[in-house]
Amino acid sequence: MHRFSASLVDRHWLAPSILELRLTRPEGLAFIPGQFLRFLMDGYERDYTMVSTPDAETVDFCIAMVDGGRFSSDIRNAGIDATFQLTGPHGHFVFQCPANPAVFVATGTGVAPFVAFCRSGVDTGLLLHGVGTPDRLLYRDVLQSALPDYVPCISRPFERRGHPDNAFAGRVTHFLAQRLKLGTYDFYLCGRGAMIRDVTALIDERFVDSRLFIETYD
Amino acid sequence: MKIYTGTGDRGKTSLFSGERVSKSSPRLEAYGDLDELNSVIGAVAAALDPGQSGLKDEIQAIQVQLLESGAWLATTPGAESTRFLKPFTIDPADTLESAIDSMNASLPELKHFVLPGGHLSASLAHIARTVCRRTERRAIELVEREDGESGPTETMKHILVFLNRLSDYLFVLARFCNHIQGQGDVQWGG
């Protein structure tokens, strides 16, 4: 693990309340897609997975803004060229040599490691991206063009026009219970603890002998 | 980081290499015992006098090695995830041998059987020794069941040597703890 500094290059909205943050690539930083960096802030720390590839000129993150959140406030107030202290790379949530067909399951900004996988050449597997509303589907073009099976799972009622034909109305857990053929898979789950817990229960019940890789955001 | 995930509520857990396994599987038994061993060794360190900081550091270094060997036990041999694990070499076993020799040099020659007991730190070291022997047995059972005729990996061989040497270390440590407390061994009168 190393300590780095990086400066803010760009910051823009990806979706309502979700920012993409782009920092200069720290010299000497080597990582595997799916790993994260730790932001050392004034009195607290935050972990974010890179959505960029290891050879990109910048390191990019997608960050959900939280009302009253310290990091959200610090990021909003940071000027271009502001410097951040980081450590990393951290984490083991990386694409493994496939033993079974891959199923990637994300909720919200939990899609970040899968964006990094796709940008780094992963081109096989089913990706379920669970969101409340279609305007929170992040990196759709990247994911859709890389993977043969990309299914947005939209939990609230939505207007189908303008959204992918294959969008599933319901949560990722409903899709897995209703649509995924029984079998053995390599599951990669990234999102909040409740989703991880519910999907793990389904895997134990329906997809016995599957492998399971987990990254929890809480 | 939340401590509870709820992903182990149905009697299964995930190995570091991704497989879902029963919590009663030999692999879980082995690294569960390793975890118990590490906890008891922590109690030995906690029972030492404040003046024994050098010995405490030595024991904490062993605890780190136990954590590292636990990570190997929690991973299917040959899995890609092993790239994240620190190589476990024969060096920790060699270090234990040096520590055993160093403590032994200050102890009276062993001419009798000793009863586990004496000072609290020594008594805990004896408990740690017995847990270590059980951990070693579980690890051997795991290797025999899962590696079959191919035999253990080099890493697993090093872990088995480390566990074997560690129980010797803990026996000598128990005697050493009594010695530095001025109590001597509790001798078997038979």
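Read the figures in this text as sums done on the coordinates, not as results from a lab. As the structure is a computational prediction, the values presented were derived from the model and not from experiment. Note that each Cβ is placed from the backbone with ideal geometry, even for glycine, and that neighbours are counted across all protein chains shown.
Of note:
- Computed from backbone phi with θ = phi - 60° and the Karplus coefficients 6.51, -1.76 and 1.60, the 3J(HN,Hα) list for segment A:172-178 is 4, 5, 5, 4, 4, 6, 9 Hz; x is used for glycine and proline.
- Highest-MSF residue in chain A out of A:Pro33, A:Pro16, A:Pro148 [GNM, Cα springs under 10 Å]: A:Pro16
- Highest GNM mean-square fluctuation among A:Ala194, A:Ala169, A:Ala15, for chain A modelled with Cα contacts below 10 Å: A:Ala194.
- Gyration tensor (alpha-carbon) shape descriptor, segment B:1-54, a/c threshold 1.5: prolate
- Gyration tensor verdict on the protein assembly as shown (Cα atoms; rounded if a/c is under 1.5, prolate if a/b is larger than b/c, oblate otherwise): prolate
- Cβ-Cβ distance of B:Ser106 and B:Arg134, R₀ of 35 Å, FRET efficiency by 1/(1 + (r/R0)^6): the value works out to about 0.75.
- Phi to ³J(HN,Hα) by Karplus 6.51 cos²θ - 1.76 cosθ + 1.60 over segment A:122-134, Hz, x for Gly, Pro: 5, 9, 9, x, 9, 10, 9, 10, x, 9, x, 9, x
- Stretch gain in nm, segment A:Ala82-A:Arg70, where the contour uses 0.36 nm per residue and the Cα spacing is subtracted: 2.7 nm
- Charged-residue dipole, Cβ positions (Lys, Arg, Asp, Glu), segment A:102-216 about Cα centre, Debye nearest 20: 280
- GNM on chain B, alpha-carbon springs under 10 angstrom: the most fluctuating residue among B:Glu109, B:Glu136, B:Glu68 is B:Glu109.
- Amide H contacts of A:Tyr217 (H built 1.01 Å from N, under 5 Å, at least 5 apart or other chain): A:Gly191, A:Arg192, A:Gly193
- Using θ = phi - 60° and Karplus 6.51 cos²θ - 1.76 cosθ + 1.60, couplings along segment A:198-205 (whole Hz; Gly, Pro as x): 5, 5, 4, 4, 5, 4, 4, 8
- For segment B:67-143, the alpha carbon convex hull comes to 131 Å³ per residue, rounded to a whole number.
- Rounded FRET efficiency, nearest 0.05, which uses the C-beta distance separating B:Lys157 from B:Gln187 and R0 of 35 Å: 0.45
- Computed on segment A:102-216, with alpha-carbon pairs under 8 angstrom and 6+ residues apart, the relative contact order is 27 percent.
- Euclidean distance between Cα centres, segment B:131-183 to segment A:73-141, Å: 42
- Between B:Thr5, B:Gly51, B:Ile180, the Cα set farthest toward the positive side of the dipole of the protein assembly as shown (charges on each charged residue's Cβ, about the Cα centre) is that of B:Thr5.
- Calculated FRET value between B:Ala47 and B:Lys86, using beta carbons and R₀ = 30 Å, to 0.05: 0.55
- For chain A, the equivalent ellipsoid built from the Cα gyration tensor has semi-axes of 29, 20, 16 Å, listed from largest to smallest.
- Global size of chain B as Cα Rg and Dmax, reported in angstrom: 18.1, 55
- Between the amide H of A:Asp186 and those of A:Asn100, A:Ala102, A:Val103, A:Arg211, distances stay under 5 Å, these residues lying 5 or more places away or on another chain, with hydrogens modeled in the peptide plane.
- Averaged over the residues of B:6-13, the number of partner chain Cβ atoms lying within 10 Å of the residue Cβ comes to 5.
- Net +/- balance of residues flanking A:Asp209 in space, Cβ distance below 14 Å, scoring K and R +1, D and E -1: 0
- Cα-based Rg and Dmax for segment A:102-216, where Dmax is the largest Cα-Cα distance (Å): 13.1, 39
- Shielding by partners - mean other protein chain Cβ count within 10 Å, residues of B:129-138: 0
- About the Cα centre, charge dipole magnitude for segment A:2-90 (Lys/Arg +1, Asp/Glu -1 at Cβ), debye: 140
- Extension gain from A:Arg160 to A:Ser7, taking 0.36 nm per residue of separation minus the Cα-Cα distance: 51.0 nm
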